[in-house]
Every structure is written in C-alpha cells, then in structure tokens.
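This is the structure I want to talk about, given as structure tokens.
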Amino acid sequence: MDMSKIPVVGHLILTTMLLVALGLGGFFYKQLNEKNFGLKAQNQELQNLLKIAQGDLASTSRRLQEQTNRTNALADQVQNIASTVGTLDKLSKTDKELLQKYSKVYFLNEHYVPDSLATITPEFLANHEAQKIHAKVWPFLEKLLLEASSTAVTLRINSAYRSFGTQAKIKAGYKITYGAGTANKFSADQGYSEHQLGTTVDFDTPSIKGDFSRFGSTEAFTWLTNNAYRYGFILSYPKNNNYYQYEPWHWRFVGVQLATKLQEEDKYFYNYPQRLIDLYLVNIFD
C-alpha cells in the first residue's frame, strides 16, 4: 500500500465535511432568517392591529364620555325642571299674604282667616284667655318658648291671632279710652293688623306685671333680641320706625331664612324691598 496517498484522502474527506457543514449552515441560516423575517412581519402586523384597537378604544371612550356628558346634562335639566315644578307647586300652596307688609301699607279683608290655627299650650299663656296661632308657626314658637325656659328666661304669650272683628273691637275700645289720635300711634285698624295673619304674638313676662312699657328693659326682651331670629321671629316695630310706637313685645314670624338674613344685615322688615322679601315665601316654614 502506498502510504503517501492517505493524507490526500483525509483532506478530501475534511474538505467534503466542511462543504457539507457550510451548506447545512447556510441552509439553517436561511431558514432562521426566513423565520425571523416572518416573526418580524407578524410582530408588525400585531402592532398595527394593536394601534387600530387602541384607536378604536380611544374613539369609543370619547363617544362614551360624550354620551355620558349629554346624559348628565339631560339629567340636570330634568332635575332642574322637576325642582322648578316642585318649587312652583310648593309656592302655589303657600299663603301669599304671609310676608306682605301690613301696618298701614297692605290690607286684609274681613274674610281672611289663616289656613289652620293651633291652640297655644296653656302653660305658655300670660292669662287664662285661650290663644291661637297659625298651625305651621306653632312648632317654631313652641321651640322658642321651651328654649327660653331652659335658660331660665320666662316668656308668655299675651296675645296671638286676632280676627278682623276682634281687632275692630279692640281698636274701637282704644279710641274711646285714649282718643283716635293716640290710639292710631299704637294700634292698627282692622285689616292692617299683623295679628290677623296668625303669625304674630305679643310676648309677656311675669316681672313686668302687665306693664308693657317695661318689657324692653327685661331679660326676656334681651333674649328675644339675640335668639328669636333662630326660630323665624322678628321685631315688627323697633325704635324710630315710621308706623307705630316702639313695641318690644310685638314679634312676627317670617321664617328662619328671612329672619336670619335681616338679623345678619341689621335690616328692618318694613324697610326691606318687598321683591326680596317675596323670595323667601316658598321656604317660610322650612
């Protein structure tokens, strides 16, 4: 055997194996490259689909928000309409006379009587004569009287609701006793008295022993000045008013909101514009 030929054969085999390996490597590289290209294409397609989906989602979200805004706006309109209707209905059932200015300004005819009257509890009366008050005012007045009592202030009711006829008799008696000129300074003619509304009371306290000229210097009056507004009551005829003499015992119910407004602004009811007063009518018993 010629041993010199062996290396040649080895080279051929090695060369062949290298070529095969290179061929296979190229084949696998091509396959991997094609797969990688395919994956990139699929990834790009997925990204495109994702962008489309995100765009659709954003568009849907915007449309949903717009629809929600329209729905909320419609709901607000419906609520406002319902509130307005409710307010108008409530106002239609509220006595229009309750916040008018009487006292030589506005007139109540002889047929006017409050919607309903409640009897004031006897323990709160200054005498044995029964007294009535507007039924919807009574809860406020009762709370006022009880609160005053809890602070050791004794308040009693001397006079409350008076009919047209009762006021006429009282005024006639005053004219006989004091003369028309003097009577007109402290007593209203029938039809002009706040008492006919059933929302007004004359307070009393035991310490004055029936002398109302002393009421303004009592602890009871001081308490009313600082607290009556919280129960909806105002002083009708303060000092220097243009209607009647100073009457610290005479208080009228106008509702908590208006009474508080007048108290905070230190305003006088009869000098306050009627158009502003009328705004409080719907909530007078709230």
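Bear in mind these aren't lab numbers, they're just calculated from the coordinates by the rules spelled out. Just so we're clear, the structure is a prediction, and the values are computed from it rather than from any experiment. Positions of Cβ are backbone-derived with ideal geometry, glycine not excepted, and every protein chain shown enters the neighbour counts.
Using alpha-carbon pairs under 8 Å, 6+ residues apart, how would you state the relative contact order of the chain in percent?
Here the relative contact order equals 16 percent.
Just Arg275, Arg63, Arg156 to compare: in a GNM of the chain, with alpha carbon springs under 10 Å, which one fluctuates most?
Of Arg275, Arg63, Arg156, the most mobile in the Gaussian network model is Arg63.
Now for a separate question. Run the Debye formula on the Cα coordinates of the range 96-283, all scatterers equal and no solvent, and tell me log10 I(q)/I(0) at q = 0.10, 0.12 1/Å.
Here log10 of I(q) over I(0) equals -0.37, -0.54.
Quick check: pseudo-label points 7 Å beyond the Cα along Cα→Cβ at Gln263 and Asn240, how many nm apart are they?
It works out to 2.3 nm between the two label points.
Out of the range 97-171, which chymotrypsin sites (Phe, Trp or Tyr not before Pro) are coil in DSSP terms and have no more than 15 other C-beta atoms within 10 Å?
Tyr106, Phe107, Tyr112
I've got another one for you. Do any trypsin sites (Lys or Arg not before Pro) in the range 84-150 lie in a loop, going by DSSP, with at most 13 other beta-carbon atoms within 10 Å of their beta carbon, and if so which?
Answer by residue number: Lys93.
At 0.36 nm per residue, minus the direct Cα-Cα distance, what do Asn226 and Ser61 gain on full extension? Give it in nm, one decimal, please.
Value of the extension gain: 53.6 nm.
Going Cα to Cα from Lys30, which lysines come in below 23 Å? Please leave out same-chain ones fewer than 8 positions away.
Within reach: Lys40.
Still on this structure, I have one more. Once the other residues with Cβ under 11 Å from the Cβ of Phe203 are scored (Lys, Arg +1; Asp, Glu -1), what is the net sum?
The answer is -2.
Name the residues of the range 125-165 whose amide N is less than 16 Å from a point 7 angstrom out from the Cα of Arg214 along the C-beta direction?
154-156
In what order do Thr218, Thr166 fall by count of nearby beta-carbon atoms within 10 Å, going from fewest to most?
In order of increasing Cβ crowding within 10 Å: Thr166, Thr218.
What's the extension gain from Leu39 to Leu279 if we count 0.36 nm per residue and subtract their Cα-Cα distance?
78.9 nm
Of the cross-linked pairs Lys101/Lys171; Lys101/Lys136; Lys169/Lys261; Lys132/Lys169; Lys93/Lys239; Lys104/Lys143, which ones have a Cα-Cα span greater than 27 Å in the structure shown?
The answer is Lys169/Lys261; Lys93/Lys239; Lys104/Lys143.
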